[in-house]
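**Student:** Let me give you the structure first, and then I'll get to my questions.
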Amino acid sequence: MTAPQIPAAVLRCGRFELSLDRPLVMGVVNVTPDSFSDGGSFAKPDAAIAHARLLSAEGADIVDIGAESTRPGAAPVTPDEELARLLPVLEALRELQVPLSVDTRRARVMRAAIAAGADMINDVEGFRSPESISAVCDSAIACCVMHMLGEPSTMQQAPGYRDVVSEVDEWLHGRTQALRLAGVEASRIAIDPGIGFGKTLEDNLRLLRDLPRLAGHGFPVLVGVSRKSLIGALTGRPVGERLAGSLAAMLAAVARGARIVRVHDVAATRDALAVWNAIGD
Ligand code: HH2
């Protein structure tokens, strides 16, 4: 049995119910020594907690905490190491009245994060393992289903698609159906084409151009382009100088239906969206 795809006006997200009437900003906190975007600046719990507070004060609607880098070629960390990095930060941030998302692809980490109060699980493997579906189904948390071709360690080694948009679309549809069949309500699900995860520059651009097709399934579309290599390829700029390019890509995604944008620069993103929203699309 397939569930009807009714466009969700809200995303149910643990303790919160988030209105999708305007685009939501998800601020990134990487509690990692090796993330591509911020190179270990927030690897210590105190630095990560302070950064999350800053992003919340700047107007983040969701804070996304990751304790494993998934940059191309990144070495995986053990679940024990991931939890040791994650839990002190998650526990300290519970008192912040902001939804807390945990960026993880391990079922054990998902279970521990939900027990520690996470409001959302952001799985860059799109809940492809049955254990990850069991970890989230009996809860109220939101689930972000992201598309990635293969594994972070190998995903950029000659990615190839027959038709990238159709394949990503079909794959996301299959994963959302698997979550729905396990009892996850449609209002708890967001989908994400996974910009930069096993895709060439042209694949990424095609996915961004054709975002309305993904948005057509009724699940809110989350997009992460912030500081990514496609911005570098288009501007010739290093990671630390990609804000203008990231904002342009973010607005192009919002214009094509993205409802949640995952960004490192929350204040600048909010400003860009305030102007965008005032003009209307
Ligand atoms: N991108 C990254 C990590 N997690 N999750 C979703 N849903 N969508 C994305 O586009 C996405 C993601 C990569 O960015 P970052 O967290 O800054 O880098 P790293 O993986 O090196 O920590």
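The values are calculated or read from the model by the stated rules, or taken from the named source; none is laboratory data. Here the structure is a predicted model, which is why all the values come from computation and not from measurement. Note: ideal-geometry Cβ built from the backbone for every residue, glycine included; neighbour counts use all protein chains shown. Note: accessible area is taken over every heavy atom of the protein model, side chains too, but ligands, DNA and RNA are not part of it. Shrake-Rupley method; radii C 1.70, N 1.55, O 1.52, S 1.80 Å.
**Student:** I need a count of the residues in the range 222-281 that are under 19 Å from A52 (Cα atoms) and either among the polar types (S, T, N, Q) or in a strand (DSSP E or B) (or both).
**Tutor:** Counting residues in the range 222-281 that are under 19 Å from A52 (Cα atoms) and either among the polar types (S, T, N, Q) or in a strand (DSSP E or B) (or both) gives 6.
**Student:** Which condition number in (1) in contact (Cβ under 8 Å) with a residue 60 or more places away in the chain; (2) open to solvent by less than 10 Å² (accessible area, probe 1.4 Å); (3) near the ligand (Cβ under 10 Å from one of its atoms) is the one that G66 fails?
**Tutor:** The single condition G66 does not satisfy is (1).
**Student:** Any residue that is out of contact with any Ser or Thr (no Cβ under 8 Å at 6 or more places or on another chain), open to solvent by 10 Å² or more (accessible area, probe 1.4 Å) and under 22 Å from P23 (Cα atoms) - is there at least one of those in the range 118-140?
**Tutor:** Looking through the range 118-140, at least one residue is out of contact with any Ser or Thr (no Cβ under 8 Å at 6 or more places or on another chain), open to solvent by 10 Å² or more (accessible area, probe 1.4 Å) and under 22 Å from P23 (Cα atoms).
**Student:** Okay, moving on. Confirm whether A233 is over 30 Å from S134 (Cβ atoms), away from the ligand (no atom under 16 Å from the Cβ), surrounded by fewer than 16 Cβ atoms within 10 Å (Cβ to Cβ) and modelled with pLDDT of 95 or more.
**Tutor:** Working: over 30 Å from S134 (Cβ atoms): yes; away from the ligand (no atom under 16 Å from the Cβ): no; surrounded by fewer than 16 Cβ atoms within 10 Å (Cβ to Cβ): yes; modelled with pLDDT of 95 or more: yes.
Taking the combined requirement at face value, the residue does not satisfy it.
**Student:** Another one. Within 16 Å of the ligand (Cβ to nearest atom) and closer than 25 Å to A60 by Cα: which single residue out of A267, A255, A190 fits that description? I'd like the intermediate steps shown before the answer.
**Tutor:** On the way: A267 fails: within 16 Å of the ligand (Cβ to nearest atom); A255 fails: within 16 Å of the ligand (Cβ to nearest atom).
Result of the check over A267, A255, A190: A190.
**Student:** Also: Quick check on the range 27-44: of everything there that is out of contact with any Gly (no Cβ under 8 Å at 6 or more places or on another chain), within 15 Å of the ligand (Cβ to nearest atom) and not small (G, A, S), which residue is least open to solvent (accessible area, probe 1.4 Å)? Lay out the reasoning, then the answer.
**Tutor:** The initial filter retains those residues of the range 27-44 that are out of contact with any Gly (no Cβ under 8 Å at 6 or more places or on another chain), namely 27, 36-44.
Checking which are within 15 Å of the ligand (Cβ to nearest atom) leaves us with 27, 36-43.
Retained after the next criterion (residues that are not small (G, A, S)): 36, 38, 42.
Numbers: F36: 78, D38: 21, F42: 40 Å².
Across the range 27-44, the extreme among qualifying residues is D38.
**Student:** Looking at (1) under 15 Å from the mean Cα position of the chain (by Cα); (2) within 11 Å of the ligand (Cβ to nearest atom), can you tell me which one N204 breaks?
**Tutor:** With respect to (1) under 15 Å from the mean Cα position of the chain (by Cα); (2) within 11 Å of the ligand (Cβ to nearest atom), N204 is out only on (1).
**Student:** From the list A75, A47, which residue is at pLDDT below 95, of a type in the set (A, V, I, L, M, F, W, C), assigned to a loop (DSSP other than H, G, I, E, B) and open to solvent by 30 Å² or more (accessible area, probe 1.4 Å)? Before the answer, list the steps.
**Tutor:** Details: A47 fails: assigned to a loop (DSSP other than H, G, I, E, B).
Exactly one of A75, A47 is at pLDDT below 95, of a type in the set (A, V, I, L, M, F, W, C), assigned to a loop (DSSP other than H, G, I, E, B) and open to solvent by 30 Å² or more (accessible area, probe 1.4 Å), namely A75.
**Student:** Turning to a different aspect of this structure: Being open to solvent by 40 Å² or more (accessible area, probe 1.4 Å), within 15 Å of the ligand (Cβ to nearest atom) and at pLDDT 95 or above is the requirement here; does S153 meet it?
**Tutor:** When the stated conditions are applied, S153 does not pass them.
**Student:** If we keep just the residues of the range 95-117 that are assigned to a loop (DSSP other than H, G, I, E, B) and within 11 Å of the ligand (Cβ to nearest atom), which is least open to solvent (accessible area, probe 1.4 Å)?
**Tutor:** Narrowing the range 95-117 to residues assigned to a loop (DSSP other than H, G, I, E, B): 95-99, 104-106, 116-117.
Right, trim to within 11 Å of the ligand (Cβ to nearest atom) and you get 104-105.
Working: T104: 4, R105: 23 Å².
Taking the candidates together, the pick is T104.
**Student:** How many of the residues making up the range 246-272 are farther than 19 Å from D210 by Cα and free of Cβ contacts under 8 Å to residues at least 60 places away in the same chain? It would help to see each step written out before you state the result.
**Tutor:** Taking the range 246-272 and keeping what is farther than 19 Å from D210 by Cα, we get 263-272.
Okay, now just the ones that are also free of Cβ contacts under 8 Å to residues at least 60 places away in the same chain, so 265, 268, 271-272.
Looking only at that region, the number is 4.
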